[in-house]
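Chemist: Here it is, the structure in full.
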Amino acid sequence: KTVVGSSSALGSRYGVFFGGVIGVQSGDQTVSNELLLFDDFKVDADAGTSLIFTGAQTDVGGGSELIKTGAGLVALSGVTDRTGLNTVNEGILSLQADDAAGTGDIVINGATLDYGATVAVANTVEAGAAGAIRTRRRSTASRSRPPARTARPARPSRSNLPARARRPATSGPR
């Protein structure tokens with residue numbers, strides 16, 4: 001298991017993986033490297049931690065699967081050409097870009113798939129019995145409401161005009 005403890009843990013440009021696990025055990029870590037994947041891509045985030053991948057994921061081996069474990073958060077915001085399955089077994093997998101999960105199906109087993117209202121997820125998503133899909137929507141708190149309609153003032157009539165504005169009633173022609 002490669003434990004990410006700092007943003008430079010994987011070097012400066014590429015992270016090359018032939019299988020194994022990338023994980024975080026404490027705090028929040030961001031990996032901005034481009035990842036070259038030759039086999040399944042296993043990620044693990046312990047409870048109360050987050051592991052954020054902002055770099056591209058290049059599937060050199062073809063069909064590399066992403067397997068998410070651990071009760072923490074793993075976020076993907078980089079572009080990927082992965083075609084393999086995305087399996088979320090624990091915690092939260094957050095998709096922060098349209099193609100962050102590649103083109104493979106997403107299977108949620110007792111975990112949560114999370115993505116924003118502006119992210120288009122084109123993958124087939126299958127949620128198991130305890131799986132959840134959470135879409136964050138734009139807040140409605142800042143939306144302004146149209147002004148409330150006010151009642152139309154009553155039309156003037158002889159009875160509701162001030163006395164000085166009333167004409168004397170006349171009978172017949174003058």
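Any read-out appearing in this document is the output of simple, stated calculations on the displayed coordinates, not a laboratory observation. The model shown is predicted, which means the values in this text are computed figures rather than measured ones. Positions of Cβ are generated from backbone atoms using ideal geometry, with glycine treated the same way; all protein chains shown enter the neighbour counts.
Chemist: By the scheme Lys and Arg +1, Asp and Glu -1, what is the net charge of all other residues having a beta-carbon under 15 Å from that of LEU85?
Modeler: In short, -4.
Chemist: Rounded, prolate or oblate: which fits the range 43-133, taking a ≥ b ≥ c as square roots of the Cα gyration tensor eigenvalues, rounded meaning a/c under 1.5, else prolate when a/b beats b/c?
Modeler: Since a/c stays below 1.5, the shape of the range 43-133 is classed as rounded.
Chemist: Taking amide H positions as placed 1.01 Å from N in the peptide plane, with prolines and chain starts having none, which residues 5 or more places from ASP28, or on another chain, fall under 5 Å of its amide H?
Modeler: Distant-sequence amide H within range of ASP28: SER50.
Chemist: May I pose another question? Step through the residues of the range 24-40 one at a time and calculate ³J(HN,Hα) from phi using the Karplus curve (6.51 cos²θ - 1.76 cosθ + 1.60, θ = phi - 60°), rounding each to whole Hz and writing x for Gly and Pro.
Modeler: 9, 10, 8, x, 10, 10, 10, 10, 9, 5, 6, 9, 9, 9, 10, 7, 4
Chemist: Hey, another quick one. Could you state the number of Å between the C-alpha centres of the range 24-47 and the range 64-113?
Modeler: 11 Å
Chemist: Please list, in chain and number order, the residues 5+ apart from VAL107 or on another chain whose amide H is under 5 Å from its amide H, with Hs placed from the backbone.
Modeler: The list, which skips near neighbours in sequence, is ASN86, THR87, VAL88, GLU126.
Chemist: For the range 75-85, just list the computed ³J(HN,Hα) in residue order, Karplus coefficients 6.51, -1.76 and 1.60, θ = phi - 60°, integers in Hz, with x standing in for Gly and Pro.
Modeler: 10, 10, 10, x, 6, 9, 10, 4, 10, x, 4
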